[in-house]
Amino acid sequence: MSQNDPNRGRRGNEGPPDLDEVFRNLNQKLSRLLGAKGSGAGGSPASGIKPPFKGGAIAVVGVLAALWLASGFYVVDAREQGVVLRLGSFNRVTEPGLQWHAPFPIEKVEIVNLTEVRSVEVGYRNTAQTRVAEESLMLTSDQNIIDVQLSVQYDIKDARAFLFNNASRERDAKDIVKQATETAIREVVGRNKVDFVLNEGRTQIAVETQKLIQEVLDRYSLGVRIAKVNINAVQPPEQVLAAFDDAVKAGQDKDKLRNEGLAYANEVLPKAQGLAARLQQEAEAYEQKVVSRAEGDASRFKQVLSEYNKAPKVMRDRLYLDMMQQIMSSTTKVVVDQKGGNNLLYLPLDKLIQQSNPGASGAAAPAASAVPQQAESAAPAAQAGNAKGGRDVTRGRDFFGAER
């Protein structure tokens, strides 16, 4: 019965379709499609008929197999490492370059970038204004609340540990690194006082926090290396920020005044110490001078005494002359011996000496020695000078008190 026969599937005018014949025809079509030997109408195989698609099927299978094997090639960059998984478990780590693994589903490869710097923010998001209070507020050792904002930069040091020990919700392990950072910064801040955290302790806190975060991550074998911890902002809470600013300003004024006092002390103390040293040296020099002079006078007196005992009158006159010469050489007064007259004689020799040679007071002695010879001729001029005003001239007396 033909498949296009309108009476197909009926037996007579009312019978149901012949199912045996339907299945037989379908089986013949499938056999021809798959390249099997055909069968005749009586069920006997058709002789001399070759399968038409046998060679094409082999070629298709070969091409598919080649593509499947070629899908196992992959390239690892110089900054990356490849982790090969065989049936879901770790098999090996591949270095940079062209590599091959057994295609899916036998093996698969995970490429991990080792040099990519990843970042985690704690206490804020993107900018300092978007502050997250539940992360940034923490307690110091002196029971003060402080607001700390920081960021952590990290990379991967072990690709295998990073893939298999990372239980974070995020692929880059940001969740675990963030939790470790919060734990570390709260511990470090809790060991220090608020003044240290706010002012000079930022660098030390960053170093201690980085070390503590690395210890926590290594304990979990996460394969992450902390590159740097940046303390972006450290400040008191907004409610007490004005009071803290006043305290900081007072501390700065204190430091300023202390520095000014130290500068003044550094300026005055060297001068005072130098002056004290100079006075001490002068006193020591004066002491040596006086002692030496006293010793010299004593020695001279002993020598004079021995000579005096030999010739008392001669030595007495010599002492008198030496003493008068010493006195006259250091005085500006002039003594005139005017015998037989009551007129006062005034000669302004000291003024004349100062005008001719300022500062040379020792030159008055030679001028005084010439006074007796010029006394007679200089009387009128002296009287005129006395009328204008000047120094008094007294009568001289000898060494023994007699008027001369």
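Here is how the numbers come out for the structure above:
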| item | result |
| --- | --- |
| Area accessible to solvent at Asp253, 1.4 Å probe radius, in Å² | 70 Å² |
| Radius 14 Å from Cβ of Ala311, net charge of other residues (Lys, Arg +1; Asp, Glu -1) | +2 |
| Thr331, Thr127, Thr181, Thr203, reordered so the largest accessible area comes first (probe 1.4 Å) | Thr203, Thr127, Thr331, Thr181 |
| Surface accessible to a 1.4 Å probe, Lys211 within the full protein complex, Å² | 130 Å² |
| Cα gyration tensor shape of segment 203-278, rounded if a/c is under 1.5, else prolate or oblate by comparing a/b with b/c | oblate |
| Positive-end residue of Val268, Ala233, Gln210, charge dipole of segment 210-316 with Cβ unit charges | Val268 |
| Per-selection Kirkwood Rh - segment 203-334 (Cα, Å, 1 d.p.) | 24.9 Å |
| Semi-axes of the equivalent ellipsoid for segment 64-112, Cα gyration tensor, largest first, Å | 18, 14, 6 |
| Cα→Cβ-extended label distance, 7 Å offset, between Ser221 and Phe244, nm | 4.2 nm |
| Segment Asp175-Lys289, length gained on full extension (0.36 nm per residue, minus Cα span) | 32.1 nm |
| Sequence of Thr94, Thr130 from largest to smallest accessible area, 1.4 Å probe | Thr130, Thr94 |
| Nearest-10 value in Å² for the accessible area of Tyr320, using the 1.4 Å probe | 40 Å² |
| Net charge of neighbours whose Cβ lies under 11 Å from the Cβ of Val148, counting Lys and Arg as +1 and Asp and Glu as -1 | 0 |
| Amide H partners (placed H, <5 Å) of Val109, local residues excluded | Leu85 |
| With eigenvalues of the C-alpha gyration tensor scaled by 5 and rooted, segment 156-248, Å | 32, 13, 10 |
| Under 14 Å, Cβ to Cβ, from Gly274 - net charge with Lys/Arg +1 and Asp/Glu -1 | 0 |
| Sorted peptide list for 296-307, 224-235, criterion being average Cβ within 10 angstrom, highest first | 224-235, 296-307 |
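The values are calculated or read from the model by the stated rules, or taken from the named source; none is laboratory data. Computed from a predicted structure; not experimentally measured. All Cβ positions, even for glycine, are placed from backbone atoms using ideal geometry, and neighbour counts span all protein chains on display. Heads up: the accessible areas ignore ligands, DNA and RNA and are worked out on the full protein's heavy atoms, side chains in. Shrake-Rupley method; radii C 1.70, N 1.55, O 1.52, S 1.80 Å.
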